[in-house]
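Student: My structure is below; once you've seen it, I'll send some questions.
Each value in this text was obtained by applying a stated rule to the coordinates, not by laboratory testing. The shown structure was predicted, so the numbers you read here are calculated from the model rather than taken from an experiment. Cβ placement follows ideal geometry from the backbone for every residue including glycine, while neighbour counts extend to all protein chains displayed.
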Amino acid sequence: MTDDTFEPTIIGFTCNWCSYRASDLAGTARMKYAPNVRLIRLMCSGRLDPTFVLRALSGGADGVMITGCHPGECHYIEQNYKALRRFLLLRRVLTGLGIEPERVKLVWASAAEGAKFAAEATAFVEEIRKLGPLNWGKADSGQQTVDHEEPSTVHRPSSEVEVPA
Amino acid sequence: MPQMTDERVRAGMNREEDPSLLHEVSMKTAGVSHLEMCIQCGTCGGSCPVAMDMEHTPRMLFAMLRAGMREEVLRSNTPWLCVSCYHCVVRCPQEVHIADVMYTLKGMAIKAKLYSDSTAPHFSQTFVDMVEAYGRSYEMGLASRHYLRHFPLRLPSMMPMGLGMITKGRMTITPKKIKHLDQLKSILHRAKQLELTS
Amino acid sequence: MSDQKQERVGVYVCHCGTNIAGTVDVVDVANWAAEKLKHQGVIIAREYKFMCSSLGQELIEKDIKELGLTRVVVAACSPHLHEKTFRTAAKNAGLNPYLVELASIREQVSWVHTDKVVATAKSKAVVSGAVSRVIENRALDEIKVPINPNTLIVGGGVAGIQSALEIANAGFHVYLVEREPSIGGHMAQFDKTFPTLDCSACILTPRMVEAGTHPNITLLTWSEVTNVAGYVGNFHVTIKKKARFVNEELCTGCGICQEKCPKKVIDDVYEAGLGYRKTVYTPFAQAVPNFPVMDKENCTYFIKGTCKACEKFCPTNAIDFAQQDQMLNIDVGNIILATGYDLFDARRVSNYGYGRLPNVFTSLEFERLSNAAGPTSGNIVLRDGKTMPKSVGIIHCVGSRDKNFNNYCSTICCMQGLKFAHLVHERTGATVYNFYIDMRTAYKAYDEFYQRVLEEGTLFVRGKVAEVTDAARNDREKGKLIIQCEDTLAGKQRRIPVDMVILSSGLQPRKDAKEVGKLFGISCSMDGWFTEKHPKLDPVATMTEGIYIVGCAQGPKDIPSSVAQGAAASARVLDKILQKEVSLEPIKASINKEACSGCRICNGLCPFNAIAFIADDMVSDINPALCQGCGTCVAACPAGAISGTGFSDAQIMAQIDGLLLKNLEIGNY
Amino acid sequence: MNKYLLYPGCSMDSSAKAYMESLNEILEPLNLHLEEIKDWNCCGATEYLGINLIPAYSLIARNLALAAKQMNPVNGTGGTRTVVAPCSACYLNLAKADYYMQERPTLGAKVNEALAAGGLEYKAGTLDVRHLIDVLVYDVGLDTIRSKVVRPLSGLKVVPYMGCMLPRPDYQHRWSDHEHPTELDDLLRALGADVIDYPLTTECCGGHMTQIGPETAFELIRRLVADADERGAQMMVTVCPMCQMNIDAYQNEANHFFGTNYHMPILFFTQLMGLAFGKEPGDLGIGVELVSARNALANIGVEVPVTQEPAAPRKKDEGLPMPRRWTKHEGRKEAVK
């Protein structure tokens, strides 16, 4: 179900030391990437509580990108391995919930990999675009029309129904 | 001929420059050409085994592409001398796909009918005709037809070689045909249509 | 879900000149925030040309005081740039600095997107996320820790020596650790230094001696750092002092052991493989310290069990075959890394024939060849050791500016190539060719040196050399090395027969740079150099507080720049030492003992061993001095008993909702 | 793994038939099975690419598509995805097409659109295209090859000549070096030959210049032959039909042109492998080279039987009809279409 007009909303989690700095570098180097990703800075990918991901998906995000330092390069020695374990578990949970596990992606990016960060973000947006909107917790009527005051590119799913995380 | 442009310059007019030429050549080239990345270091011209016979070194040709000198570039004999040895390609510090750019320039020169008096375009075309007719190449027909047309004077001295090749059984007199020639023909027919739209 | 009392939030949207305003409709963003986020407590939203300017900061300070703001959101650049600026502004106005959030709409929006509508919309979402989050922020107090006044400097090249002397002369103690037997680094191998052609040893040796005898410097050569723990002000460092097999207390440095040692091996380090040394040796005559070391791998006694010639002849009985590696533990407040560079391995450019064609030399080989103290006593000769070349080709950019090898310009090779040209000309009178792509002679008195070499008659060829071969095509080329290239200015391919080729090889990161970076908790760029905190404004600091980088460890550079950086880092360290204490981000995890079930899941997760189980209470507890604030335990606690200050669940959940604009209609959290 | 798909290429049954014959002789001792791609067509050599891009790559890709179909295990090839090409030019074209179709997906899509007109498709990356010597050195291994040698070639002074299209551009990073690869040296040493270091081992033989600019090509041939001669080689050993053809068939012509008198035979490495494995020279296509290797091989006691002088050539060449001649007029029509 590919819809050309569908603009996915993606929440990205970054760690303070590598991947957020990669996104900073993408900025300073003026590398262009898809505007659909909105970032949250954590200290470490190990801080990522899986419920954050569920909260994002249930709150209207169509995908979640988790990023951190490369294995072996964690600022906190090895906490990104814990993120990796949680990520794998999370994908199983999502499958159990009937959600495509591909909606959550794990990307390693060092502080020097601005280009990688930008490319991965763009690629992920395309992957999610192919998967289509998530519509978690919404009535069967499907997509609500977007608030007209919003520019159409800000894809804001209906927020009438709050799903407890 | 190239002088025309120079005369116009002499008459106080600007040389005709085509700022889109570099991009056009880059986009027409197989793979990612990196042509825009050339730093004019001359590694290609230094590596080329046939540079001595080229009107322009590859580096110079790329500078001319940047300068938008379409006519001069397409008239150059340089692409036609390229022997596809890829020395320049692996040594290029900017990873320019130089050999493939040469193929692109040959194709463009043929289409623009601007190639210099090299016999190479005819050789290529003869080869292509043969492959399209049989699906296989056929050295005997190729060599004899090409030599007859372009180097008739050289032919007598080449005869012993040709004869040797035939007597040693190394030159088939008859071309081989592939079985599904029709299939190949439809593929190439479609490919040519696609080439024109690209 | 939140406090009863509604927070009073101020939103400040920065234009950053046109950096943000060029792509984001900042006025629209501010108006939108004022209207749509009003219910969340936004009572004022402003936009301003440069929020980080003093006027911009005053704007915030004034609003805090006059409007009674309790929370501040600044939508501007990355928090890594100006978070501190705005926190300080808040503090000045009496607001706890941790009640300020930065929403990055420059690095994360305006610089990476082009469509103004889309970028404006995304900016709104980012601001909305920050507003939701800041409401959940809690006032925090900075943690102050005392600074240990001692400093560790790793690497005893010219940059490290400079750093050490600056700090030591200011009256503070320095541990200078060097992997090789002597300090001096690459500079000790050179003959002359560009552009003034000072003798390298003449200017370096006094500095080495000063460092070796300074009362405030503990020199640890033949030593390596093996472990680093702690944080700025309080690093705990373990250093392996490798066995020298020479008792430093007894040795007088007389050199008899070296003289008597019967075994010679090729010296790959100091002589760049062009000369020999004994198996008990000091790398060069002016070595500091001048105690020799024993090369255990090659020593006849260690291999066969007999010999001990050195021991027999040592007048002070300083040879000690039983010596063991020692592990030293030291505490320091700051660390400067001056680990230097490796020379690019020219064998990788196989078309230049190094390693296959005898008379192709690397730059470091040539330095030794031209050095009066080198293997040929400064005679510039071919590999046969006697023939003086009549023609020499010097090739620039070997391994540099080349996507097949290193992308970057190694900075020093042009000047190095010019220096070689001068030395060859001066000492042999040979015809000299320099092959270059671009002549880079920036900095003081450098281009003048180029002029001088031009004047001497060096023949310059603009073109990257394609190959060096011994396959002659004619008699003129027979027995020569032929340099084949395009003379790009003449537009012709040339083949130039010469007797000797010198490759002006580039610099590259130490092959263990990545591991060293990991050891000290700093990162490397894509090319492998250590990453500085800011490329322009903070080139000697790193992302890890208390760790500094100087000299070629940070990127290729020449001697003057290395020395300048060495001094610069010392100034930074002295600044820290004189402050006597440093404030740390109060980002720590803590355990709510009421909620802790004592399951101990968190205990094993902490890489810093900050979590301990208290058997008496049957709960876990976190030592705030050890906690680094990564938050892994917070995310893992099944009872939700651990909270992380600065990055609490409530803050992050709120930010998620805010980013998804779920906060718009729901009202107050 | 010893089963491969074979893309022989046009020259293997004409100018390079000695290559094919000798290859067939060494398959059995090395326990190699090569299955020819059915109904393969010409790869276009270096000519097709200069005329048109999409047709050139479609021509190459037809072979890849056929091979991919054939590699299906149910068709009984053992399921190998490796295509072996003994000719360097064919190897390069096939490998490059596979690589570029991935690097530039738009090219891949267009080529597949063309292939579809013939009911074929090819997903770039499906196959592994490799040269014969790559498979022999890295899959079969030098130890196995050494173990099959019954007649070591010691005393035979050879220069290994790799040519250009094999080690370059090497997008798949298969070779030890782009300038001085050692694979052929190592293999010849395993056969016991005296291998001379040959700095020109990857220099160009002239390629198609023997046809379109003979004087340029003669100089390239002269450089190679002169340097081999200077270094005391008794013969050159090659891995490529085009190199063999140019150096062998045009050597006399080049001699003529420069007034030199070189006699430098050039054989395929498979012919030397066959000799080392104890095969008969006649079965290895030895003797059909124009610059005879007879004297060189006498150094290791190999006697090359005299090839029978064939009957006089046919009086009248009544060959098959030639393809249409290309005219400028026709070119214009093509362009307008």
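Student: For B:M108, A:M65, what's the fewest-to-most ordering of other Cβ within 10 Å of each Cβ? Before the final figure, lay out the partial values.
Tutor: Values: B:M108 19, A:M65 25.
Ascending Cβ contact count within 10 Å gives the list B:M108, A:M65.
Student: Can you work out the PRE-style zone for C:A612? Point 7 Å along Cα to Cβ, and I want the residues of the stretch C:579-602 with backbone N under 14 Å.
Tutor: Label zone hits: none.
Student: What is the spin-label model distance, in nm, from A:H70 to C:K580 if the labels are put 7 Å beyond Cα along the C-beta direction?
Tutor: Simple spin-label model gives 4.4 nm for this pair.
Student: Of the cross-linked pairs A:K82/C:K588; C:K65/C:K588; C:K38/C:K662; A:K32/C:K518, which ones have a Cα-Cα span greater than 24 Å in the structure shown?
Tutor: Table pairs above 24 Å Cα-Cα are C:K65/C:K588; A:K32/C:K518.
Student: Additional query: What size of dipole, in debye to the nearest 20, comes out for chain D about its Cα centre when the only charges are +1 on Lys and Arg C-beta atoms and -1 on Asp and Glu C-beta atoms?
Tutor: It works out to roughly 1100 debye.
Student: Among C:P206, C:A229, C:A612, pick out the residue whose Cα is farthest towards the positive end of the charge dipole of chain C, where Lys and Arg carry +1 and Asp and Glu carry -1 on C-beta, about the Cα centre.
Tutor: Projecting each Cα onto the dipole axis, the largest value belongs to C:P206.
Student: So what's the back-of-envelope 222 nm ellipticity for chain C, counting only DSSP H runs of four-plus at -39500 (n - 2.57) apiece and dividing by all residues, rounded to 500?
Tutor: Computed ellipticity for chain C at 222 nm equals -8500 deg cm²/dmol.
Student: Now, a different point. How high is the relative contact order of chain D, in percent, with contacts defined as C-alpha pairs under 8 Å that are six or more residues apart?
Tutor: Dividing the mean separation by the residue count of chain D yields 18 percent.
Student: Give me the extension gain from C:K65 to C:A229: residue separation times 0.36 nm, minus the current Cα-Cα distance, reported in nm with one decimal.
Tutor: Length difference between fully extended and current span is 54.8 nm.
Student: Counting pairs of alpha carbon atoms under 8 Å apart in space and at least six apart in sequence, what relative contact order in percent does the stretch C:9-142 give?
Tutor: 31 percent.
Student: Is the shape of the stretch B:120-197 rounded, prolate or oblate, going by the alpha carbon gyration tensor and its root eigenvalues a ≥ b ≥ c, with a/c under 1.5 for rounded and a/b larger than b/c for prolate?
Tutor: Since a/c reaches 1.5 but b/c is at least a/b, the shape of the stretch B:120-197 is classed as oblate.
Student: Which FRET efficiency value, to the nearest 0.05, do you get for C:D475 and C:D438 by plugging their Cβ-Cβ distance into 1/(1 + (r/R0)^6) with R0 = 35 Å?
Tutor: Working: r = 35 Å, r/R0 = 1.00.
So, using R0 = 35 Å, E works out to roughly 0.50.
Student: Which of rounded, prolate or oblate describes the stretch B:22-137 when judged by the alpha-carbon gyration tensor and an a/c cut-off of 1.5?
Tutor: prolate
Student: Using the 4.7 Å Cβ rule, please list in number order the cysteines from chain B without any candidate partner.
Tutor: Singleton cysteines: B:C38, B:C41, B:C48, B:C82, B:C92.
Student: Whole number please: convex hull volume per residue, Cα atoms of the stretch C:243-324, in Å³.
Tutor: Working: hull volume 7.4 nm³, N = 82.
So the per-residue Cα hull volume is 90 Å³.
Student: Helix C:446-455: angle to the longest alpha-carbon principal axis of chain C, degrees 0 to 90, nearest 10?
Tutor: It works out to around 30 degrees.
Student: Also: For C:T18 and D:V150, FRET efficiency with R0 = 60 Å and r from the beta-carbon atoms, rounded to 0.05? Provide the component values of the computation, followed by the final result.
Tutor: Numbers: r = 80 Å, r/R0 = 1.33.
Given R0 = 60 Å and the Cβ-Cβ separation, E is 0.15.
Student: For a footprinting-style exposure proxy, rank B:T174, C:T221 by other Cβ within 10 Å, fewest first.
Tutor: Working: B:T174 11, C:T221 24.
Least to most surrounded, the residues fall as B:T174, C:T221.
Student: So in the protein assembly as shown, what percent of DSSP beta bridges are antiparallel if you round to the nearest 5? It would help to have the intermediate numbers written out before the result.
Tutor: Working: 52 of 135 bridges.
If I count the DSSP bridges inside the protein assembly as shown, around 40 percent turn out antiparallel.
Student: Fully extended, how many nm does the chain gain between D:T126 and D:V306 (0.36 nm per residue separation, minus their Cα-Cα distance)?
Tutor: 60.1 nm
Student: When we measure straight from the Cα of D:K96, which lysines land under 22 angstrom away, once same-chain ones fewer than 8 places off are left out?
Tutor: Filter leaves B:K28, B:K106, B:K192, C:K403, D:K38, D:K69, D:K110, D:K123.
Student: Per-residue Cβ counts within 10 Å, from other chains only, averaged over C:441-451: what number is that?
Tutor: Across C:441-451, the average partner-chain Cβ count within 10 Å equals 0.
Student: What does the helix-only formula give at 222 nm for chain B: each DSSP H stretch with n ≥ 4 adding -39500 (n - 2.57), the total divided by the residues, and the result rounded to the nearest 500 deg cm²/dmol? Intermediate results must be reported in sequence, preceding the final value.
Tutor: On the way: 12 runs with 117 residues, N = 198.
That calculation yields -17000 deg cm²/dmol at 222 nm.
Student: First select every other residue whose beta carbon is under 14 angstrom from the beta carbon of C:F313; then total the charges, Lys and Arg +1, Asp and Glu -1.
Tutor: Spelling it out: positives minus negatives among the neighbours equals +2.
Student: Assuming R0 = 51 Å, what is the FRET efficiency of C:A445 and C:E35, from their Cβ-Cβ distance, to the nearest 0.05?
Tutor: For C:A445 and C:E35, the calculated efficiency is 0.25.
Student: Would you calculate the convex hull of the Cα atoms in the protein assembly as shown and tell me its volume per residue in Å³?
Tutor: Hull volume over Cα atoms, normalised by residue count, gives 231 Å³.
Student: Under 5 Å between amide hydrogens, which residues at least 5 positions from C:L140 or on another chain qualify, with H placed 1.01 Å from N in the peptide plane?
Tutor: Close amide H contacts, sequence-distant or interchain: C:Y98.
Student: I need the phi-derived Karplus couplings for the stretch C:107-123: 6.51 cos²θ - 1.76 cosθ + 1.60, θ = phi - 60°, integer Hz, Gly and Pro marked x.
Tutor: In residue order, the calculated couplings are 4, 9, 10, 5, 7, 10, 10, 10, 6, 5, 4, 5, 5, 5, 4, 5, 4 Hz.
Student: Using amide H atoms built in the peptide plane, which far-off residues or other-chain residues are under 5 Å from C:G230 H to H?
Tutor: The list, which skips near neighbours in sequence, is C:H236.
Student: Still on this structure: Tilt of helix C:158-169 relative to the longest C-alpha principal axis of chain C, in degrees (0 to 90, nearest 10)?
Tutor: Result, in degrees: 60.
Student: Mind checking the dipole of chain B: about its Cα centre, +1 per Lys or Arg Cβ, -1 per Asp or Glu Cβ, Debye to the nearest 20? Don't skip to the end; give the middle numbers.
Tutor: Working: 24 positive and 19 negative charges, 187 e Å.
Using Cβ point charges on Lys, Arg, Asp and Glu, chain B gives about 900 debye.
Student: Using θ = phi - 60° and the Karplus form 6.51 cos²θ - 1.76 cosθ + 1.60, what ³J(HN,Hα) does each residue of the stretch C:186-199 get, whole Hz, x for Gly and Pro?
Tutor: 4, 4, 5, 8, 6, 8, 10, 10, 7, x, 8, 6, 5, 6
Student: Take C:T531, C:T441 and order them by how many other Cβ atoms sit within 10 Å, fewest up front.
Tutor: Ordered from fewest to most neighbouring Cβ atoms within 10 Å, C:T531, C:T441 come out as C:T441, C:T531.
Student: Relative contact order, percent, of the stretch B:3-112 when contacts are C-alpha pairs under 8 Å separated by at least 6 residues?
Tutor: Answer for the stretch B:3-112 is 32 percent.
Student: Can I ask one more? With θ set to phi - 60° and the Karplus curve 6.51 cos²θ - 1.76 cosθ + 1.60, what are the ³J(HN,Hα) couplings of the stretch C:473-481 in order, to the nearest whole Hz, using x for Gly and Pro?
Tutor: Computed from phi, the couplings for the stretch C:473-481 are 9, 7, 5, 4, 8, 4, x, 10, 8 Hz.
Student: Pull out the extension gain between C:E455 and C:Q258, defined as 0.36 nm times the separation in residues minus the alpha carbon to alpha carbon distance; nm, one decimal.
Tutor: 66.4 nm
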